[in-house]
1. Work out the FRET efficiency for Arg203 and Glu81 from their Cβ-Cβ distance, taking R0 = 25 Å, and round it to the nearest 0.05.
2. Where the only charges are on Cβ atoms (+1 Lys, Arg; -1 Asp, Glu), what is the dipole of segment 1-40 about its Cα centre, to the nearest 20 debye?
3. Over what distance in Å are the Cα centres of segment 150-197 and segment 43-79 separated?
4. For segment 1-40, restrict the atom set to alpha-carbon positions and state the Rg and Dmax in Å.
5. Which of the listed residues, Ile12, Leu23, Tyr34, is farthest toward the dipole's positive end in segment 1-40, when Lys, Arg count +1 and Asp, Glu count -1 at the beta-carbon?
6. If you filter segment 117-177 for trypsin sites (Lys or Arg not before Pro), then keep DSSP loop positions with at most 15 other Cβ within 10 Å, what is left?
7. How do His156, His129 line up, fewest other C-beta atoms within 10 Å first?
8. Viscosity 1.002 mPa s, temperature 20 °C: Stokes-Einstein D of segment 1-93 from its Kirkwood Cα radius, in µm² per second?
Amino acid sequence: MSIKLTKVRDAIYNNPNLIPILLRDTSIPKGMIYRELKKAVPCRIGIEFELSGNFTGEFCKKYNTFKSSNDNLTKFYNVKEIHCDRPPYEELCVNDDCEDISVDSEVVVSDKINYDKITEIRISISDFHQLKGLYRFMQDLSEFCRLHEGGGIHIHVDMSEFFKRENDKMTEVSKYIERRLNEVIAIFPKYTGHFNKRKVGIRRKATYLNISRLNTLEFRIAPLTFDYPTLMRWIRDCVKFKKKVVSTCRLVALDKKKREEDTKVSWSEDQDTSDTPNRTWYITNRASTSTGLPELVYNDGTHSYALNGDLTWR
C-alpha cells in the first residue's frame, strides 16, 4: 500500500478533520481521496447506541444552550439525523429538591440521572461529508455518557435500492446470510449477550442480523464503544459484507432468469396455427449418452425428437 493511500485511509478511519488538509495537498490525487471516501460511506449508515447517561443535558451544559431537540442536534453536528431518547422526567433534576425545569419543551440539564438505566441514541449519516459530524458527535458521546454493561451498538447499512429493484428478495437475502452468518460474527468481538439469537430475522429483532423495516441490514451484535476508529472499522466491514450480499444475490437472480429463458424457447410460424400446435425447442437437464451434453429436444406438437451426438434425430 502506498504512503499516500495510507494517509487517506488513516484520515477517514481515525480523524476525518484531516481530510480538508489532504485535499489541499497537491501531491495526493484528489481522485484517490474521493474514491476512498465513497468506499467508506457508499450509502446511508445508521448507528444505534445503547448506553447510560443524559446526552442532551450534558450537551446543554457544554455548549451553554437549551436547544437540544433532535432537530437542533442534527443541525449542530451536521449529520442526516440524530434522535435521543429522554430519561424519565422524574430523574431530570437540577437540585436536591428535584425541581423540573424545561425550556420550550426541550430537555434540560440534569445532575441526577439513573446511570443503571439504558437509553438509546440514534445517529445516521448519508454520505462522506458527514463523517466530521459523526467524529465530533462521538467525541462528545464519550464525554457526556457512560458505557453500560448491558449496552451495545446496532449498525444499519442501507439496502433500499436493492430491494426496490429486486422485489420480494428478502427471503433469498435472509437465506444467503444465514449460510454465511460466521462472516458477520467475525466482524465484531465475541458476542456475550443473551438477547440476540444466532439467526437472521426479517423485520424481527432479537437476532444477530435483522433485515429491518427500514430496508437496512441491521448488525445487532456489536459491543458498546465510544471509539470512532473502532466503529469505523466495523462499518467498513459491514459495508463490504453488504456489497457481497447484493452482488451475489443479484447474480443469482440474473442467472436464474437467464436459465428460465434459455430452458424453453417457443415460437409460432407465420401461418394459421389455429389447428397446429406450437413448435417448441427444449434444452433438458438430462445429459446425452453420446456427448455428455444436455439433450436438445424438438416438439412439433405431436411428437418429441431428441438430437443425437452425430446431429441425427431420434
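1. E between Arg203 and Glu81, to the nearest 0.05, is 0.80.
2. Once rounded to the nearest 20, the dipole reads 140 debye.
3. 27 Å
4. 8.8, 22
5. In segment 1-40, that residue is Tyr34.
6. Filter output for segment 117-177: Lys117.
7. His129, His156
8. 132 µm²/s
Only the coordinates and a few stated rules stand behind these numbers; no lab work does. Since this is a predicted model, take the numbers as computed values, not measurements. Note: ideal-geometry Cβ built from the backbone for every residue, glycine included; neighbour counts use all protein chains shown.
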